[in-house]
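Notes follow once the structure below has been shown.
The values are calculated or read from the model by the stated rules, or taken from the named source; none is laboratory data. Everything quoted here is computed from the prediction, not taken from an experiment. Note that we place each Cβ from the backbone using ideal geometry, even for glycine, and neighbour counts take in every protein chain shown.
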């Protein structure tokens, strides 16, 4: 009898595939009630296993605390201002100039920051209108945002993390496990036919397959509800 395929095993939520809550106990997120001129101090820089960038613990004079991703060259004791123009300051996208670099960008106003959060990444302001700001994203595509969305000025700390090769398989395994990612991943066509719908030694040069919408969990593999099919025209 075959085993459950990886998709089903992960969905079952056993200890092998469950997220380590400790690695994600700190959530870098903007406060919803920040006002222009609010000032915070960097109390501590935290190394979090679940994030590729250090996290800054910020506190104001009243003792209010929140966490944000650290920008490059941030140091403990540095003052962070909402509405400032220095590295590490938090601003509305509408207050930026063309060419400014930002990270931890909100997808919609007051969502706390959703995009451009990995170490060494940044987005650049390309164009501004009365209601929208266009950013050049790390994916090398342009994306439009509301002028009320917030972001942090600068480049995310932790650049260069991919420059040094991981020489040992064990080290790579533990790095991935810390971030709750499965590694190594076995190619489906290399499995036995009983373990995966793409398995068996026959027909390894397969075309991409589109799973049926009503397929059961063990059969629902390949492209799920793709937007388009066929060759892309040049």
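Quick rundown of the values:
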quantity	calculated
Count of residues meeting criterion [over 25 Å from residue 67 (Cα atoms), surrounded by 14 or more Cβ atoms within 10 Å (Cβ to Cβ) and in contact with a helix residue (DSSP H, G or I) (Cβ under 9 Å, 6 or more places away or on another chain)] in the range 118-131	1
The one condition in (1) at pLDDT below 85; (2) at positive phi that residue 11 fails to fulfil	(2)
Flag for residue 159 being assigned to a loop (DSSP other than H, G, I, E, B), in contact (Cβ under 8 Å) with a residue 12 or more places away in the chain and within 27 Å of residue 72 (Cα to Cα)	yes
Among residues of the range 59-85, those that are within 20 Å of the chain's Cα centre (by Cα) and assigned to a loop (DSSP other than H, G, I, E, B), counted	2
Subset of the range 96-117 (residues that are surrounded by fewer than 16 Cβ atoms within 10 Å (Cβ to Cβ) and more than 12 Å from residue 28 (Cβ to Cβ))	97, 98, 99, 107, 108, 109, 110, 111
In the range 178-190, residue nearest to the chain's Cα centre (by Cα) [restricted to those that are more than 24 Å from residue 209 (Cβ to Cβ) and touching a residue at least 12 places away in the same chain (Cβ under 8 Å)]	179
Unmet requirement for residue 137, which otherwise passes all of (1) farther than 25 Å from residue 25 by Cα; (2) modelled with pLDDT under 95; (3) surrounded by fewer than 19 Cβ atoms within 10 Å (Cβ to Cβ)	(2)
The range 191-234: number of residues that are under 30 Å from residue 168 (Cα atoms), touching a residue at least 12 places away in the same chain (Cβ under 8 Å) and surrounded by 12 or more Cβ atoms within 10 Å (Cβ to Cβ)	3
